[in-house]
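Participant: Sharing a structure, written as structure tokens. Questions coming.
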Amino acid sequence: MQLASKAKDIFGKVRTYWRTPPLGNYMNYKEIFSLSAGGFGVKAIITFVQAAIISANNAFVGNTIGIKPMQMYAIYVASVLVGFPLTMLRARIIDNSRSRQGKYRPYIISMGLPTVILSIGYVWAPYEIMGDIGKIATVVFFNIGFQFFYNFLYDAYDNYVSVLSSNTQERSNVLAIRAVTDSLAPTIINAVVPIIGELITGKRDLYDIRIYRYVWTPILIIGFLISFILFKNTKEKIIQAKTHIVRVKFVDAFRAVIKNKYFWIISLAGWMGFLESMANSILGWLYTYQNACSSTEYAILTTVYGNASFWGMLLAPFSIKKFGKKNTLIFTNAMNIVFIAALFPVVKYADASIMIWLAMMCLWMNALVGSFAHILTPSLNADIRDYQQYVTGERIDGMFAAVGLIGSAVTMATTSIQSAIYDVVGFNEEKYAELLPEILASGVVLDNPDNVYNVLYHRPTFISIFGVLIMTAVLGAAMNVIPYFFYDLSELKQKGMVKVLRVRALFEDYGRNVLSDKDLVKAIDLVREAKEYINAAELPTDKAAIKAAQNKEEKKAAKKARQAALEHNELIKVSQFVVDELNRFNTIQGKAQLENAKQIVATGFDYINTVTKADLGTAKVLPTSTEEEKAFRKAEISRIKECLYAQKVARKHFPNGIEEFDSSEFDKLFVEQDAVEEKINAAYKTYYKARDDKDKAAAEEAMALIKTLKAQSKEIDKAIKKATDDSSVYNRAAKPYLDAKKLLTMAENYTHYDEIDAMYDEAKQRYEEAERFAAEEEARKEAAEKEHAAKLRAQRKNK
């Protein structure tokens, strides 16, 4: 009965929130379902590419195609180097995107299709008739394509949640739901592939090229078709002013991101943990080279192993909510060390008949805690982007990937260590030649006698190799956890930042006369709540009342009261962010910044020439006895550095003085671009209609018009690029002046809070009326659809 009641409650919630998000959230249940269901298809594509894309120890490239470890590393370096300019191009496209479909959403489809085409071509290439050079050239060709198209798809999907919601806990919850369906794709695939593979090849071999061709090809096509669910039913939501247009150059974004300490902490953790994956191949190698189990048993093993991620991803949001992201990160990464280390005695001493099962148990526990990262990493990245927008005013999501190219250089260097370790432990021609007679004498039939990975058929060598790889992975896991001790972007701070961003957008839109009723109501509600809570007293949150409870009902009430007290106290702390933002120009630092801004604006562009390196020395010795003094000193050092940098840019590009850039040029070009796009779409409709009507002359005329319009579009794109370049140079040279003007405008807008607040009642009435009308219209459409469906069913029944 209780189960039925709970099921009824869940069904009621789904119906209530299917089209409207719960209070305080941004995503309705239809979006969450579509993100998860469509994500299953995207993850199927990603699962294949991750298994096949070049790396220092990739099984497909090494075991299937037969490329040696050091050759593999050389190909990897070449593909990464080619990926540098492609990554910068990708980042620029994302950050300068003006698509009505969003920042990431369009690329789920437009990058998914070429990724699938490349993947199918990759496995169907005729490697059997190729020599070493032909194989290497083919792998390089396809991996260069993956560097752009697949990485674009991966970034778009991985970061998509960050633009669907600004609520960090909601993002974690949604990521947990998405992660469950994400894990289904590899779990199902890993269970099916060995069984079908043995049916196709007649042997236990995960690395036979036929498996990749006949099993993966339909999986890739079906995955792409499923991804349309995500594209069709989700919508991005970024908090920034309506009139805010971003045109970002790489150098500008780099200078902004390089100051984001949280980005470097997360990146450093990844770079330092490069050895952690060294033992990941143990199950596949035990199955293929040691005949540790049958294909059916291996399918069960991989299914159970894949299931570990399911439980970890379910537990992650609860752990984040109770302990916070930082503590969860440190604990799970510490446990990675323990479970990887547990593999050593298994490989060293366990009986061959049970080794793979014991290894799976260790890997299952490692995957359980490791899968927390599937929730934590995207959630952390989303918080880091919020922080970037909070401190710089720009949301430059794509450029994080571009700045991450530094990481690619680090990874290239560290991957050479992995390749060297592989070579030293026995994956080399000398060791293989030494062991080959013994391997053949044991009765092993070699499909590819030239593959150095065949040394794994020799059991003592197998145990020796994995002993080294496991201890290396333990070292990598230990290095990975260190940077997280310095991460201090708490959930409380993130909530405060998001509220401040909404307040800033309120004043910016008001100053430009584009403030909507909806945004006004939400922002004023937020500010009023902050003003109400800022002077409230914190409530006790100890567990004394829970311990003193006499029965179940009292205990439940005490827990509920404690939770309410925790939320009350959190609101007080978050409210401090909002109130501090509203009072930012009344502080000592704020007043000093205003005075300085007035001086800069009064002096004009030439102000930068009044700043010297001596001023930087003076700023560095400013007092730091209070938090406010520390903040002022930091701001002064940053301002002076900006002026000195602006001097260099101005001397190079504006020797006769800085000339102001007319930003309305963008507006004009964007209008022209939109108009041409509409004409192209209309011309295509005309062309398809003429083709259907078999009107050859009209079709040719329409196609000629399309070519002309596309040529115009290219010219407009060139003009936009030139305008972006000119704007970038101007913004760097005039940054101190522009920042000062922006600050003065912001301060002026903040003085109009009372006027905006006075508009609240009328705006709320209009907003609620618009919401009611929209709900009625939605209900009318739904009723009409049901009526239409009923008529169709009746017609079919009568027929």
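The values are calculated or read from the model by the stated rules, or taken from the named source; none is laboratory data. Predicted, not measured: the structure shown is a model, and the values here were computed from it. Cβ placement follows ideal geometry from the backbone for every residue including glycine, while neighbour counts extend to all protein chains displayed. For the accessible areas, the whole protein counts, side chains as well, though only heavy atoms, and no ligand, DNA or RNA atoms are used. Shrake-Rupley method; radii C 1.70, N 1.55, O 1.52, S 1.80 Å.
Participant: Considering only residues that are open to solvent by 10 Å² or more (accessible area, probe 1.4 Å) and not in a helix (DSSP H, G or I), which ones fall in the stretch 472-495? So that I can check it myself, show each step before the final result.
Facilitator: Taking the stretch 472-495 and keeping what is open to solvent by 10 Å² or more (accessible area, probe 1.4 Å), we get 472, 474-475, 478-482, 484-486, 488, 490-493, 495.
Matches in the stretch 472-495: ASP488, SER490.
Participant: If we scan the stretch 400-422, do we find a residue that is touching a helix residue (DSSP H, G or I) at 6+ places or on another chain (Cβ under 7 Å), β-branched (Val, Ile, Thr), at pLDDT 80 or above and part of a helix (DSSP H, G or I)?
Facilitator: no
Participant: What number of residues within the stretch 523-537 satisfy the criterion of being part of a helix (DSSP H, G or I) and surrounded by 14 or more Cβ atoms within 10 Å (Cβ to Cβ)? Spell out how you get there, then give the answer.
Facilitator: So the first thing to find is which residues in the stretch 523-537 are part of a helix (DSSP H, G or I), and the list is 523-533.
Going one step further and asking which of them are surrounded by 14 or more Cβ atoms within 10 Å (Cβ to Cβ), we end up with 523-524, 526-527, 529-530, 533.
Qualifying residue count for the region: 7.
Participant: Now for a different question. I'd like the residue in the stretch 50-69 that is crowded, with 21+ Cβ neighbours inside 10 Å and of a type in the set (A, V, I, L, M) and, out of all such residues, is modelled with the lowest pLDDT.
Facilitator: Filtering first and then ranking leaves ALA56.
Participant: Scan the helices (runs of 4 or more DSSP H) fully inside the stretch 546-640 and keep the ones with 2 or more residues being β-branched (Val, Ile, Thr) and closer than 30 Å to TYR737 by Cα. Walk me through it before giving the result.
Facilitator: On the way: elements: 552-582, 588-603, 613-620.
Result: 552-582, 588-603.
Participant: Here's something else I'd like to know. Which count do you get for residues in the stretch 210-244 that are at pLDDT below 65 and buried (at least 16 other Cβ atoms within 10 Å of the Cβ)?
Facilitator: 4
Participant: Right, something else. Residues being touching a residue at least 40 places away in the same chain (Cβ under 8 Å) and of a type in the set (Val, Ile, Thr): count how many of those fall in the stretch 628-655. Let's see the steps before the verdict.
Facilitator: First, the residues of the stretch 628-655 that are touching a residue at least 40 places away in the same chain (Cβ under 8 Å): 628, 631-632, 635, 639, 642-643, 645-646, 649-650, 653-654.
Subset that is of a type in the set (Val, Ile, Thr): 649.
Selection size over the stretch 628-655: 1.
Participant: Can I ask one more? Does at least one position in the stretch 669-688 carry a residue that is free of Cβ contacts under 8 Å to residues at least 40 places away in the same chain, more than 26 Å from ASP717 (Cβ to Cβ), open to solvent by less than 60 Å² (accessible area, probe 1.4 Å) and not in a loop (DSSP other than H, G, I, E, B)? Before you say what the answer is, go through the steps one by one.
Facilitator: First, pick out the residues of the stretch 669-688 that are free of Cβ contacts under 8 Å to residues at least 40 places away in the same chain: 671, 674-675, 677-688.
In the following step, the residues that additionally are more than 26 Å from ASP717 (Cβ to Cβ) were identified as none.
Within the stretch 669-688, none of the residues are free of Cβ contacts under 8 Å to residues at least 40 places away in the same chain, more than 26 Å from ASP717 (Cβ to Cβ), open to solvent by less than 60 Å² (accessible area, probe 1.4 Å) and not in a loop (DSSP other than H, G, I, E, B).
Participant: Determine which single condition PRO540 fails, assuming it passes every other condition in (1) out of contact with any helix residue (DSSP H, G or I) (no Cβ under 6 Å at 6 or more places or on another chain); (2) in a helix (DSSP H, G or I).
Facilitator: So the condition that PRO540 fails would be (2).
Participant: Further question: What about PHE485, is it under 23 Å from SER379 (Cβ atoms), of a type in the set (Phe, Trp, Tyr) and touching a helix residue (DSSP H, G or I) at 6+ places or on another chain (Cβ under 8 Å)? If you could, list the steps in order and put the result at the bottom.
Facilitator: Working: under 23 Å from SER379 (Cβ atoms): yes; of a type in the set (Phe, Trp, Tyr): yes; touching a helix residue (DSSP H, G or I) at 6+ places or on another chain (Cβ under 8 Å): yes.
When the stated conditions are applied, PHE485 passes them.
Participant: Separate question: Determine whether the stretch 605-614 contains at least one residue that is aliphatic (A, V, I, L, M), touching a Lys or Arg at 6+ places or on another chain (Cβ under 8 Å), open to solvent by less than 60 Å² (accessible area, probe 1.4 Å) and touching a residue at least 40 places away in the same chain (Cβ under 8 Å).
Facilitator: no
Participant: Can you find a residue in the stretch 751-760 that is in contact (Cβ under 8 Å) with a residue 40 or more places away in the chain, surrounded by 10 or more Cβ atoms within 10 Å (Cβ to Cβ) and touching a Gly at 6+ places or on another chain (Cβ under 9 Å)? Break it down into steps so the answer makes sense when it comes.
Facilitator: At the first step, the residues of the stretch 751-760 found to be in contact (Cβ under 8 Å) with a residue 40 or more places away in the chain are 752-753, 756-757, 759-760.
Filter once more, keeping what is surrounded by 10 or more Cβ atoms within 10 Å (Cβ to Cβ): 752-753, 756-757, 759-760.
When the remaining residues are screened for being touching a Gly at 6+ places or on another chain (Cβ under 9 Å), the result is 752.
The answer is yes; a qualifying residue exists.
Participant: Looking only at the stretch 352-371, which residues are in contact with a Cys (Cβ under 9 Å, 6 or more places away or on another chain) and among the aliphatic types (A, V, I, L, M)?
Facilitator: ILE356
Participant: Of all residues being open to solvent by 60 Å² or more (accessible area, probe 1.4 Å) and not charged (D, E, K, R) in the stretch 646-665, which is farthest from LYS620 (Cα to Cα)? Just the residue, please. Show your work before the answer.
Facilitator: Kept after step one, since they are open to solvent by 60 Å² or more (accessible area, probe 1.4 Å), are these residues of the stretch 646-665: 648, 651-653, 655-656, 659-660, 662-663, 665.
Narrowing further to those that are not charged (D, E, K, R): 653, 655-656, 663.
On the way: HIS653: 29, PRO655: 30, ASN656: 32, SER663: 35 Å.
Taking the candidates together, the pick is SER663.
Participant: Mind checking which residues of the stretch 308-322 are open to solvent by 30 Å² or more (accessible area, probe 1.4 Å) and under 23 Å from the mean Cα position of the chain (by Cα)? Before the answer, list the steps.
Facilitator: Here is the first cut: in the stretch 308-322, the residues open to solvent by 30 Å² or more (accessible area, probe 1.4 Å) are 310-311, 314-315, 318, 321-322.
The answer is PHE310, TRP311, LEU314, LEU315, PHE318, LYS321.
Participant: State yes or no: is GLY443 among the small types (Gly, Ala, Ser) and under 35 Å from the mean Cα position of the chain (by Cα)?
Facilitator: Numbers: among the small types (Gly, Ala, Ser): yes; under 35 Å from the mean Cα position of the chain (by Cα): no.
Considered against the rule, which asks whether it is among the small types (Gly, Ala, Ser) and under 35 Å from the mean Cα position of the chain (by Cα), GLY443 comes out as no.
Participant: Please give the number of the condition PHE33 fails out of (1) open to solvent by 60 Å² or more (accessible area, probe 1.4 Å); (2) in a loop (DSSP other than H, G, I, E, B); (3) modelled with pLDDT of 80 or more.
Facilitator: Every condition holds for PHE33 apart from (2).
Participant: Inspect the stretch 456-475 for any residue being under 30 Å from VAL578 (Cβ atoms) and modelled with pLDDT under 85 and give the result as yes or no. Reasoning before the result, please.
Facilitator: Start the filter on the stretch 456-475 by keeping residues that are under 30 Å from VAL578 (Cβ atoms), which leaves none.
Looking through the stretch 456-475, none of the residues is under 30 Å from VAL578 (Cβ atoms) and modelled with pLDDT under 85.
Participant: Could you tell me which residue of the stretch 245-268 is modelled with the lowest pLDDT, considering only residues that are loosely packed, with under 15 Cβ neighbours inside 10 Å and over 19 Å from the mean Cα position of the chain (by Cα)?
Facilitator: Start the filter on the stretch 245-268 by keeping residues that are loosely packed, with under 15 Cβ neighbours inside 10 Å, which leaves 245, 251, 258-259, 261.
When the remaining residues are screened for being over 19 Å from the mean Cα position of the chain (by Cα), the result is 245, 251, 259.
On the way: ILE245: 46, VAL251: 65, LYS259: 77.
For the stretch 245-268, the residue satisfying everything is ILE245.
Participant: Next up: Among the residues of the stretch 645-666, are any within 22 Å of THR610 (Cβ to Cβ), in contact with a Leu (Cβ under 9 Å, 6 or more places away or on another chain) and modelled with pLDDT of 85 or more?
Facilitator: No.
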